[in-house]
Every structure is written in structure tokens, then in C-alpha cells.
Amino acid sequence: MSSFDVPSLMRALREHPVPLEHMCHLRDVLVKQSSTPNFLFSACRDPEQDGSELADAELGAMLSGVALGQWPMGVAAVDAWVKRLLERRPSCVLEFGSGVSTVVSATILRRIHGDQRVRVFSIEQGEDAGAETRARLEANGLTNLVSMHIAPLQEGVVDVFSGVGYGTDPEQLVKFIGDARPEMVMVDGPFGKYGARFSTIPLVHALLAADAEIWMDDALRDSELAIARWWHELGYISDPELQWTAKGILRAKRGASPKQYAAAAQTMGLGGMSGLVAEYALFKLRVQAARADKAGLQPPFMTT
Ligand SMILES: C[S@@+](CC[C@H](N)C(=O)[O-])C[C@H]1O[C@@H](n2cnc3c(N)ncnc32)[C@H](O)[C@@H]1O
């Protein structure tokens, strides 16, 4: 398949989300043929567009003159998110990575619920980016709707998975989110190396509504495909699909009961072998096999 054929396929499938595993297989075939990592992301993403092209008139006016699709979410991704917010009418949402997306979610939730309560919980890695988002919110009268948690990147461990991600922990997150149970999550950060977004959903899974839906932007990128695949494998998400628009959008349901391997890893370290330890040993073999396939999607974490 040539690089011409793939964008054509993408156009044909724009409105039809594809099961995540199909996208991972397509990615592996293309990368093996072209030796180009991130092939889907570089060949297929939408070009930048002006905010005035958004389908929603209020947002189009608010974001006129703002280029969407490079750092911020692309127009098609914002349109899809807005459509779903208006259908689902969540009481609140959680996002990783602030910016245009914060303004978008706050505007729509203000339209649905008014502006008396915080409706958008935003986790942001940088003080400067946070200040820029706050200024945008203030300019549009949206300050009351948003609560922001600044969490600079650091090395950390969630369950048995180590890597660099948002420098926060369950205790801080419980304080930040309080009794709210976000029903929709947008993962669009942090900005970082391969696998940087892996820890996001494991960190907040227990704080989400049981029927929460989880979206992730930039999902055509190898790192995000790998993260989504392993979230699914570990049970953090279910029914993952990839919408082949903008930079790729992952759409999934919150998984009911993700694997927790920390105790098994500890028992194995002490030489013991329970049922879960045996399962964890097999899981580690699968991780090793994925790592050995150099052209395949690399796991987005190290295991303890
Ligand atoms: C993909 S961006 C998040 C974009 C956001 N959700 C939006 O729709 O505008 C992820 C993170 O990158 C950082 N960032 C944003 N713009 C940046 C820029 N121009 N250069 C470097 N980092 C940036 C911010 O810390 C942000 O949270």
C-alpha cells in the first residue's frame, strides 16, 4: 500500500470508527513496508485549520484566528467532542493537557448547565501553558467552570508500570476531583517522550463514573496506539475504536476492573507463585515479546 492509498482510505473512513486492533495491524504493515515510524500520524493527519471553521457557531466566533491541529486539537476532533458533549450532557469532564480543549469543554458545559459550578477538571504539566489557558478562560468569562491542577512531569510508578508522566498521585487527585465523577475524559497530554500518556488513565480510573467514556487525541501516533492497546490489554478501557480524523481520536469505554499486578509482582520477587503471579509472569512474557519485535508497536512502559 502506498502513502497515496492510505490517506484515501482515511478519507473514506472518516465517519466510521475502526476497532483499535485493526489500526494497530495496519500500522505494523505500513511501518514494516515503509520503515517509517509514526507513518499514520505523518501521512494521514488533517492540515491545520482556523478555529472559525468549527461547526459550533459560538466556538467558531470565540476561536476565530486560532490555528487548530498542531498543538491544540484539530477542527474535526473538536467537532466530534462537542457533538458528543451535547448528546451525553455530562455533569463534568476531566482532561489531561489544557488549552483550546479547556475553552471548548467549558463553553459547552456552561451552555448545558450554567456557570455556577466547576465542570472541567484540567491536569496540566506546565505553569506557563496553564497561565495561557487561564487567560483564555478569563477572556471568555469561563473562569468559574474550570479547576486546574499543575503537575510537572516526573518519573513515577502506577501499579507495576514505571515511566515519566504527570507528577501527581492518587491522594492529590482525590483532593482535586473531590466528589465529582467525570463522565467524559479527554487525554491530550502530557507532551513528552514515547509512552508519556500511559499513566493518565491508570491514575484516575477509580475516580471516573462507572460508565465514563475515554477519548484520546493524537491517536494515529505510535505512542498513543501502543498506550491504547495496553490500556485495553490491562482492562483500563473496553471497546476501543479509532476515529480516523484530525490526528486520530481514540474512543473507548472505561474498563470495569483493570488488572492490578503490584501484589503479584511483589510475591514473585519473593519467589512465590499464586494464580495471579503466574498470570503476571505470562503478561511479562507478552511484554517481552512485544519489545523483541523491533518494528512492532513498543510497550509504552517498563515493568517492575
Ligand atoms: C497537545 S498539548 C494540549 C493541547 C490542548 N488540549 C488543546 O486542545 O489546546 C499537550 C501539552 O503540551 C504543552 N504545550 C502546548 N502548546 C505548546 C507549545 N506551543 N509548545 C510546547 N508545549 C506546548 C502544554 O503543556 C499542553 O498541556
Keeping to the stretch 95-145, report how many residues are of a type in the set (Ser, Thr, Tyr), farther than 23 Å from Val164 by Cα and free of Cβ contacts under 8 Å to residues at least 40 places away in the same chain.
-> 2
Filtering the stretch 43-73 down to residues that are away from the ligand (no atom under 15 Å from the Cβ) and modelled with pLDDT under 95, which residue is nearest to Arg136 (Cα to Cα)?
-> Pro47
Those helices (runs of 4 or more DSSP H) completely within the stretch 192-304 that have 3 or more residues that are β-branched (Val, Ile, Thr) and closer than 27 Å to Leu94 by Cα are 200-204
Would you mind telling me which numbered condition in (1) within 16 Å of the ligand (Cβ to nearest atom); (2) buried (at least 16 other Cβ atoms within 10 Å of the Cβ); (3) within 25 Å of Val103 (Cα to Cα) Phe191 fails?
-> (2)
Ser162 being in contact with a strand residue (DSSP E or B) (Cβ under 6 Å, 6 or more places away or on another chain) and among the polar types (S, T, N, Q) | yes
Restricting attention to the stretch 74-85, and to residues there that are within 22 Å of Ala129 (Cα to Cα) and more than 8 Å from the ligand (Cβ to nearest atom), which single residue is surrounded by the most Cβ atoms within 10 Å (Cβ to Cβ)?
-> Ala77
Subset of the stretch 130-145 (residues that are in contact with a Lys or Arg (Cβ under 8 Å, 6 or more places away or on another chain) and in a helix (DSSP H, G or I)) = Thr143, Asn144, Leu145
Yes or no: Arg181 away from the ligand (no atom under 16 Å from the Cβ) and part of a loop (DSSP other than H, G, I, E, B)?
-> yes
In the stretch 35-79, which residues are touching a helix residue (DSSP H, G or I) at 6+ places or on another chain (Cβ under 9 Å) and within 18 Å of Ala295 (Cβ to Cβ)?
-> Thr36, Pro37, Asn38, Phe39, Leu40, Phe41, Ala43
For the stretch 267-275, indicate whether the set of residues that are surrounded by 22 or more Cβ atoms within 10 Å (Cβ to Cβ) and away from the ligand (no atom under 16 Å from the Cβ) is non-empty.
-> no
Only one residue in Gln172, Gln154 is of a type in the set (S, T, N, Q), more than 10 Å from the ligand (Cβ to nearest atom), part of a helix (DSSP H, G or I) and under 30 Å from Gln266 (Cβ atoms), so which one is that?
-> Gln172
Within the stretch 246-281, work out how many residues are within 30 Å of Ser35 (Cα to Cα) and either at pLDDT below 90 or hydrophobic (A, V, I, L, M, F, W, C) (or both).
-> 4
Options Leu208, Leu234: the member that is assigned by TED's automatic domain parsing to the domain that holds Asp179, within 26 Å of Val18 (Cβ to Cβ) and without any contact (Cβ under 8 Å) to a residue 40 or more places away in the chain | Leu234
Hey, among the residues in the stretch 86-99 that are surrounded by fewer than 24 Cβ atoms within 10 Å (Cβ to Cβ) and over 13 Å from His113 (Cβ atoms), which one's farthest from the ligand (Cβ to nearest atom)?
-> Glu87
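The values are calculated or read from the model by the stated rules, or taken from the named source; none is laboratory data. Please read these numbers as outputs of a predicted model, since none were measured by experiment. No Cβ is skipped: glycine too gets one built from the backbone with ideal geometry, and neighbour counts run over all protein chains shown.
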